[in-house]
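Right, one structure below, let's go through it.
The values are calculated or read from the model by the stated rules, or taken from the named source; none is laboratory data. Just so we're clear, the structure is a prediction, and the values are computed from it rather than from any experiment. FYI the Cβ positions are ideal-geometry reconstructions off the backbone, even for glycines, and counts take in every protein chain you see.
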Amino acid sequence: MPTLKQSVPDWCFFHESDNPAAYYQRLKAIGFEGVEMLPPERWMAARQAGLKLVNIGAPGMQAGLNRLENHTSLIPQIEELIEVAQANEIEHIIIFSGNRDGQPDEEGLRNVIQAGQRLASAAERAGVVLALEVLNTHDHPDYQADHTAFAMGFARAISSPMVKVLYDIYHMARMGEDVVKDIRENIEYIAHLHTAGSPKRDFPGPEQAIDYAAVVKAAQAAGYTGFWGQEFLPTADRFTELEEVYKLFNQYAK
């Protein structure tokens, strides 16, 4: 049976009381190939366990690239992160639109595109993907990139293999988007996928609202070969749920 490349974001599952080496070795033993959003002090432990460092996050989730006045501080920071990612073989840097604060989406999109255009050449030289993340406004009030059209409009305008979208299936489902259609029609712009059950951001099994069997099949049929980041909040034993989700998503793979 084919297996999907699956990854685990640290913020959902790592506990400060954990021994990093033992924690990452356990993820590897389950079958996970990557980890996400680790602080630098845990990079070595993850690598030694045989895990890929999939991404790191840039600043700007609230005060983001959608406002020109933020570019002076954010763009140099992201340029520095590009160098860090290249040196440490980290595939993606997650970037953010920031909150609207009353700004029209058209203006915000123009500003994010402008930032992406300034950053694209550095990302291309480094071989590091900048991935704009979509978030829902239930969990992240006023976030501007809260719909597929905004994020895909950004990636399409930049037209660079190193500037794409982190398409979070849970977030877009919460915003009422047709996630299967979005993935199928925009696969060339999607660098990474995140999962979680809707509407509670819990285990993404068959009892929640998103049909992940259909999502996996659509993504595979469209040609997606990237990581599936299991970014949910466990409600029972975390390792038991991670073992279950790893097996479940592989069952969905054709």
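Quick look at the numbers
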item: Filter result for the condition that a residue is hydrophobic (A, V, I, L, M, F, W, C) and at pLDDT below 95, over Ala218, Ala253; result: Ala253
item: Candidates Glu89, Glu107, filtered to the one that is charged (D, E, K, R), surrounded by fewer than 23 Cβ atoms within 10 Å (Cβ to Cβ), assigned to a helix (DSSP H, G or I) and out of contact with any helix residue (DSSP H, G or I) (no Cβ under 8 Å at 6 or more places or on another chain); result: Glu107
item: Selection count where residues are touching a His at 6+ places or on another chain (Cβ under 6 Å) and closer than 14 Å to Leu65 by Cβ, scope segment 120-133; result: 1
item: Residue under evaluation Asp101, criteria (1) in contact (Cβ under 8 Å) with a residue 60 or more places away in the chain; (2) out of contact with any helix residue (DSSP H, G or I) (no Cβ under 8 Å at 6 or more places or on another chain); (3) of a type in the set (D, E, K, R); (4) surrounded by fewer than 16 Cβ atoms within 10 Å (Cβ to Cβ), criterion not met; result: (1)
item: Residues of segment 213-251 that turn out to be out of contact with any His (no Cβ under 7 Å at 6 or more places or on another chain), outside any loop (DSSP other than H, G, I, E, B) and not hydrophobic (A, V, I, L, M, F, W, C), as a count; result: 12
item: Close pairs from segment 227-254: first under 10 Å from Gln6 (Cα atoms), partner of a type in the set (Asp, Glu) and loosely packed, with under 15 Cβ neighbours inside 10 Å, Cβ under 6 Å, at least 6 apart; result: none
item: Where a residue in segment 129-146 is under 27 Å from Ile90 (Cα atoms) and its partner, wherever it lies, is of a type in the set (Phe, Trp, Tyr), with Cβ under 7 Å and at least six apart; result: Leu132/Phe154; Glu133/Phe96; Val134/Tyr167; Leu135/Tyr143; Gln144/Phe150
item: First in segment 164-191 and at pLDDT 95 or above and among the basic types (Lys, Arg), second anywhere and in a loop (DSSP other than H, G, I, E, B) and crowded, with 18+ Cβ neighbours inside 10 Å, Cβ under 6 Å, 6 or more apart; result: Arg174/Asn136; Arg174/Ser198
item: Pairs where the first residue, in segment 1-30, is within 14 Å of Phe232 (Cβ to Cβ) and the second is among the β-branched types (Val, Ile, Thr), C-beta under 7 Å, 6+ apart; result: Ser7/Val35; Ser7/Val54; Val8/Val35; Asp10/Val35
item: Val112 vs. criteria more than 26 Å from Asn136 (Cα to Cα) and β-branched (Val, Ile, Thr); result: no
item: Segment 221-254: number of residues that are among the β-branched types (Val, Ile, Thr), surrounded by 16 or more Cβ atoms within 10 Å (Cβ to Cβ) and touching an Asp or Glu at 6+ places or on another chain (Cβ under 6 Å); result: 0
